[in-house]
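Take a look at the structure below.
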Amino acid sequence: MRKHISLFFSALLFLYACKGGGDASGVIDRDEMVNLLVDVHIVDGSLSMQPNVDSLYKVGTGRYLLVFKQHQTDSAQFKRSMKYYATQPETMLKIYDDVNKKLQAKNDSLAMIILKDQQRVVKDQAKASKQLQTINEKKEKARQDSLLKMIKDHEQKIMKENTRKFKLDSIKRSKAIKPKHNKKLV
C-alpha cells in the first residue's frame, strides 16, 4: 500500500510539473526563442565538426556567448526559458517545428548555393579543357607545319643538289663528247 501511495504522489508531482503553471517572467518570447534556438543549433552543428575536442569548451563558449549577445539575452535567461517551455510540451513542439522548418530552409539554401557553385566549377573545367584542347591542337598544327617546312626545305635542298649534280654531269658529258671537226682541205 505504501508503494502505491508514493507512486500516486510521484505521478501527481510529475503531472503538476508538466501542467505548465510556471512563471513566465523573464522568459524569451516564442518567436525570439525560435530564432535563438536556430542559431544555437547552428553553433552545435559547427562545433560537432571541430577536430580538436580539447578546445571545444573554449571555442564553444565564445560562440554561444556571441549568439546570446546577438539576441540580446544571456545564458541564464536562455536556461530559464528552456525550463519554462519544457513545462509546456505543446508549445515546445511548435517551437521546434518552426526551428526545424528554418533549419531546413537554411540547409536547402546552402544546398542550392553548393549546387550552383559545383555547376560553375564544372562549366569552368569544361571551358579550361576546351582551351587546353585548342592549345594542344595549335601546338600539333605548329609541329606539323614545322615538319612540313623541314620536309620542303629538305626537298628543295635535294633538288638544288640534284640540279647542281645534273649540271655538273651535263658539263662533264659535254666535255667528254668532243665535237668532231671535219677539216676539209681545199
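Before moving on, here are some points about what is shown:
- Among residues of the stretch 56-69 that are at positive phi and in the same structural domain as residue 42 (by TED's automatic domain parsing), none has a Cβ under 9 angstrom from a residue that is of a type in the set (A, V, I, L, M, F, W, C) and at pLDDT below 85 at a sequence gap of 6+ or on a separate chain.
Residue by residue, here is whether (1) closer than 30 Å to residue 38 by Cα; (2) part of a helix (DSSP H, G or I); (3) in contact (Cβ under 8 Å) with a residue 40 or more places away in the chain; (4) over 11 Å from the mean Cα position of the chain (by Cα) holds:
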residue: 108; (1), (2), (3), (4): yes, yes, no, yes
residue: 115; (1), (2), (3), (4): yes, yes, no, no
residue: 126; (1), (2), (3), (4): no, yes, no, yes
residue: 132; (1), (2), (3), (4): no, yes, no, yes
residue: 137; (1), (2), (3), (4): no, yes, no, yes
residue: 140; (1), (2), (3), (4): no, yes, no, yes
residue: 146; (1), (2), (3), (4): no, yes, no, yes
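- Listed here are the helices (runs of 4 or more DSSP H) enclosed by the stretch 1-96 that have at least 2 residues being surrounded by 10 or more Cβ atoms within 10 Å (Cβ to Cβ), within 35 Å of the chain's Cα centre (by Cα) and at pLDDT below 90: 30-48, 56-70.
The values are calculated or read from the model by the stated rules, or taken from the named source; none is laboratory data. Just so you know, these numbers come straight off a predicted model, no measurement behind them. Glycine gets a Cβ as well: all are built from the backbone with ideal geometry, and neighbour counts include every protein chain shown.
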